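Heads up, the thing below is written out as structure tokens.
The values are calculated or read from the model by the stated rules, or taken from the named source; none is laboratory data. Predicted model only: the values in this text are computed from it and were never measured. Virtual Cβ from ideal backbone geometry, glycine too; neighbours counted across all protein chains shown. Accessible surface is based on the protein model in full, side chains and every heavy atom, while ligands, DNA and RNA are left aside. Shrake-Rupley method; radii C 1.70, N 1.55, O 1.52, S 1.80 Å.
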Amino acid sequence: MSSPERWTQPQPAGTPAATAARPTSEQVIAGLRATSEGGPELVQLLTPEGERVHHPEFDVDFSDEELRGLYRDMVLVRRADREANALQRQGQLGLWVPLLGQEAAQIGAGRALRPEDMAFPGYREHGVAWCRGISPKDIMGMWRGTDHGSWDPVERRFHLYTIVIGNQCLNATGYAMGQRFEGKVGDDNGEATMVFFGDGATSQGDVHEAFVWASVYDAPLVFFCQNNQWAISEPTERQTRLPLYQRARGYGFPGIRVDGNDVLASLAVSRWALEECRHGNGPVLIEAFTYRMDAHTTSDDATRYRHSDELEAWKLKDPIERVRVHLSRNGIADHDWFDAVQAEADELAAELREHVYNLPDPPTERMFDHVYAEANPVLAAQRDEFLSYMSTFAGGEH
Amino acid sequence: MTTTRKTTYREAVREALRDALSRDERVFLMGEDIGRYGGCYAVSLGLLEEFGPERIRDTPLSESAFVGAGIGAALVGMRPVVEIMTVNFSLLALDQIVNNAATMPHMSGGQFSIPLVIRMTTGAGRQLAAQHSHSLEGWYAHIPGLRVVAPATVADARGMLWTALCDPDPVLIFEHASLYNTAATLAEQLAPVDIDHAAVRRAGTDVTVITYGGTLAKSLEAAEEVAAAGVDAEVIDLRALRPLDDATIMDSVRRTHRAVVVDEGWRSGSLAAEISARITEQAFYDLDAPVERVCTVETPIPYAQHLERAALPQQSDIVAAVRRVVAGGG
């Protein structure tokens, strides 16, 4: 038998240099990235300057009321997001995952969903939750730790937040396969499922497997990837060499890159993709090209790895500002209306703050709840022993 | 003359990495957010600038892939140090760790060795909720073919890495998240550190407290607390979780006749269960009281701060267990 040492001799110095086809790490570090351009395939209906443009395949006529509604949605979810971020900084929430910058992608997708469709979020989908009728209060309760799963996913047709990166894609695939097996696809009244994940998740095996399964079982599933350019500190180039939407081709289904900061285009493309799925032509991949304007979470500090000029460039593409300009320039909304929306947003924030301050701490014994569906004698004994031990401390303090 | 300096656990791991990277050009680091970000717990901060992107590799978000690639690199003689951000994410790489790293040396008839080091943060206590608060080192300690270590002190954080890299087998290093900010004084000239033996961190005569990693400090504090009441506890830091150093444990228990095992894992099927079983197998007739275990409450780890604290082994729980074993028996 040969010695293990035979296989562990020192190797010659030097490792292969990066190939010319992709940026070197030095280039990445120097910030020489062109992330703010989505490329020629980008579907856009409203430019960053607020100009309505038309697209040969994905054009939709929006009523004035719809346009105002989308603006209001985005302003309110952004205000709620900023309030939650501040509450975390004040120690009121354990953690917060900012949505800032991704309002258009989420409101567009969320408003494209029909009540009977199903949605599977990651952990940043506060805007989609809003569209499913879930109050930001419920989301904040979860991040404060006062309850687990504050909404009924069956009633809301919106699954609970998934913290593990990308693994909801498999759950969504299974759900969508179920919709097909139960005969709920095939015509205008069909159902579809949409799953939300990010650019970082596309490197996970689970997402690859979900693509394979959804395609071979023709699942009515829209993969909605918000490419916000960053997976904590890692830029999209660390996950992919080619635009993410092009990956769909390799799995045999359509992939579309939409301007994720354009709520109209996000809505139009999502609506089209959901229609395809409910008619039995799924799955579809949508890459919503957007930008995470804040940190990954409140535990992250984005200034450690990205340059402020990148953020400044994306601020010019702000998802809300372009709608405001469009509404204003075309006489769809006036100054008073904008002020009223802002006042409504501030009122919502005050209400949320008050709600969070008053959330009661759950009792200690609650940690033993729902570990199993029915009482388990071993766990019950541990619970009783634990409570009896806790009662020996003054005021139940541990 | 020996010079000394104050070092944190975080700095000690970083120095160990820097030292290894400097000493052996086969050493390289691979993982998520380890380069530009400097590591999720800031362990590798500055190493990218010092050693460059070929040796400090930020990887795609694919745990199975970077552990698998680490195994491949180790097979051809490199010395990869793979950082899985936390043990929670190692679940995505279980197949590579358990089915490949742990079996290849055996299944190749000894033709291959896997000199791979995998570092990961473990443990709860930082309000990160059930899916990000696991203590699964006991699972890995179940697997033949793996070596599992848990540095609980700054000196071990500094010294274990190099020893692990020199070892021809895959070594998993578990760093408890609560330890990174702890500090200690280290000598400038460091002696080699073994990864085979447990260490007696506090000598005592009345009871043996056996622990490792994140619960060592709590156990030592508990020992001080009971000392005030006249109970002299010996505290053993396991250091190596696989293989376990039975001799140090049994030697102590035969002297004190009482044992308390403190383990942040869940009680059922735990490392604490294994140690307790070994004590009854090897030192049963030396015991004056049944072995006690202090473990985490058997529920998913709560997210709310007060619930999480209540669920985890605390100093007061250890003190209570010590008092019970001392009161019990003859």
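Observations on the model:
- Among the residues examined, A:Ile134 qualifies as open to solvent by less than 40 Å² (accessible area, probe 1.4 Å) and either within 12 Å of chain B (Cβ to nearest Cβ) or closer than 22 Å to A:Glu103 by Cα (or both).
- Scanning the range B:1-24 for residues that are open to solvent by 10 Å² or more (accessible area, probe 1.4 Å) and either without any contact (Cβ under 8 Å) to a residue 40 or more places away in the chain or aromatic (Phe, Trp, Tyr) (or both) gives B:Met1, B:Glu11, B:Arg14, B:Arg18, B:Ser22.
- Here A:Gly122 passes the criteria (1) within 14 Å of another protein chain (Cβ to nearest Cβ); (2) open to solvent by 30 Å² or more (accessible area, probe 1.4 Å); (3) part of a loop (DSSP other than H, G, I, E, B); (4) not β-branched (Val, Ile, Thr) except the one numbered (2).
- Residue among B:Asp169, B:Asp196 that alone is surrounded by fewer than 23 Cβ atoms within 10 Å (Cβ to Cβ), under 13 Å from the mean Cα position of the chain (by Cα), at pLDDT 95 or above and part of a loop (DSSP other than H, G, I, E, B): B:Asp196
- Residues located in the range A:220-249, provided they are in a strand (DSSP E or B) and over 26 Å from A:His307 (Cα atoms): A:Leu221, A:Val222, A:Phe223, A:Phe224
Listed here are the residues, each with its yes/no results for (1) open to solvent by less than 30 Å² (accessible area, probe 1.4 Å); (2) outside the structural domain of A:Leu311 (by TED's automatic domain parsing); (3) charged (D, E, K, R).
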{"position": "A:Pro56", "(1), (2), (3)": "no, no, no"}
{"position": "A:Asp59", "(1), (2), (3)": "no, no, yes"}
{"position": "A:Ser63", "(1), (2), (3)": "no, no, no"}
{"position": "A:Leu76", "(1), (2), (3)": "yes, no, no"}
{"position": "A:Asp81", "(1), (2), (3)": "yes, no, yes"}
{"position": "A:Ala84", "(1), (2), (3)": "yes, no, no"}
{"position": "A:Leu93", "(1), (2), (3)": "yes, no, no"}
{"position": "A:Pro98", "(1), (2), (3)": "yes, no, no"}
{"position": "A:Glu103", "(1), (2), (3)": "yes, no, yes"}
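- Pairs are defined by a Cβ separation below 7 Å, a sequence spacing of at least 6 or placement on different chains, a first member in the range B:221-233 that is assigned by TED's automatic domain parsing to the domain that holds B:Val253 and in contact (Cβ under 8 Å) with a residue 60 or more places away in the chain, and a second member that is open to solvent by 20 Å² or more (accessible area, probe 1.4 Å) and of a type in the set (S, T, N, Q); the pairs so defined are B:Glu221/B:Gln315; B:Ala222/B:Gln315; B:Glu225/B:Gln315.
- Pick from the range B:59-80, criterion open to solvent by 20 Å² or more (accessible area, probe 1.4 Å) and aliphatic (A, V, I, L, M), ranking: farthest from the other protein chains (Cβ to nearest Cβ): B:Ala69
- Test for A:Asn189: is it part of a loop (DSSP other than H, G, I, E, B) and surrounded by fewer than 23 Cβ atoms within 10 Å (Cβ to Cβ): yes
- Qualifying residue in the range B:298-305 (condition: under 17 Å from the mean Cα position of the chain (by Cα), within 14 Å of chain A (Cβ to nearest Cβ) and open to solvent by less than 40 Å² (accessible area, probe 1.4 Å)): no
- On the stretch given as the range B:246-266, residues that are outside any strand (DSSP E or B), charged (D, E, K, R) and surrounded by 18 or more Cβ atoms within 10 Å (Cβ to Cβ) total 1.
- Here B:Pro168, B:Pro192 are screened, and the one residue that is touching a Pro at 6+ places or on another chain (Cβ under 7 Å) and in contact (Cβ under 8 Å) with a residue 12 or more places away in the chain is B:Pro168.
- For the range B:25-41, filtered to residues that are in contact with a Lys or Arg (Cβ under 6 Å, 6 or more places away or on another chain) and not aromatic (Phe, Trp, Tyr), the residue that is least open to solvent (accessible area, probe 1.4 Å) is B:Val27.
- Positions within the range A:138-152 being surrounded by fewer than 17 Cβ atoms within 10 Å (Cβ to Cβ) and more than 14 Å from chain B (Cβ to nearest Cβ), in sequence order: A:Asp138, A:Asp152
- Boolean, B:Leu92 is closer than 25 Å to A:Gly205 by Cβ, part of a helix (DSSP H, G or I) and in contact with a Ser or Thr (Cβ under 8 Å, 6 or more places away or on another chain): yes
- Which listed residue, of B:Glu308, B:Glu281, is without any contact (Cβ under 8 Å) to a residue 60 or more places away in the chain, of a type in the set (Asp, Glu) and part of a helix (DSSP H, G or I): B:Glu281
- For the residues B:Glu49, B:Glu25, B:Glu32, B:Glu83, the requirement of being more than 13 Å from chain A (Cβ to nearest Cβ) and of a type in the set (Asp, Glu) singles out B:Glu83.
- Inter-residue pairs, beta-carbon under 6 Å, first within 13 Å of another protein chain (Cβ to nearest Cβ) and touching a residue at least 40 places away in the same chain (Cβ under 8 Å) and in the range A:350-378, second open to solvent by 70 Å² or more (accessible area, probe 1.4 Å) and assigned to a loop (DSSP other than H, G, I, E, B), 6+ apart: none
- Residue within the range A:171-182 that is touching a Pro at 6+ places or on another chain (Cβ under 9 Å), within 14 Å of chain B (Cβ to nearest Cβ) and within 30 Å of B:Met85 (Cα to Cα) present: no
- Condition broken by B:Gly125, with the remaining ones in (1) on the phi < 0 side of the Ramachandran plot; (2) away from chain A (no Cβ under 11 Å); (3) outside any helix (DSSP H, G or I) satisfied: (1)
- Inclusion of B:Gln111 among residues that are open to solvent by 20 Å² or more (accessible area, probe 1.4 Å) and either assigned to a strand (DSSP E or B) or over 24 Å from B:Gly39 (Cα atoms) (or both) is warranted.
Let's see how each residue does on (1) in a helix (DSSP H, G or I); (2) in contact (Cβ under 8 Å) with a residue 24 or more places away in the chain; (3) assigned by TED's automatic domain parsing to the domain that holds A:Gly183:
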position: A:Ser266; (1), (2), (3): yes, yes, yes
position: A:Cys277; (1), (2), (3): yes, yes, yes
position: A:Tyr291; (1), (2), (3): no, yes, yes
position: A:Asp294; (1), (2), (3): no, yes, yes
position: A:Thr298; (1), (2), (3): no, yes, yes
position: A:Ala313; (1), (2), (3): yes, yes, yes
position: A:Trp337; (1), (2), (3): yes, yes, yes
position: A:Ala340; (1), (2), (3): yes, no, yes
position: A:Asp346; (1), (2), (3): yes, yes, yes
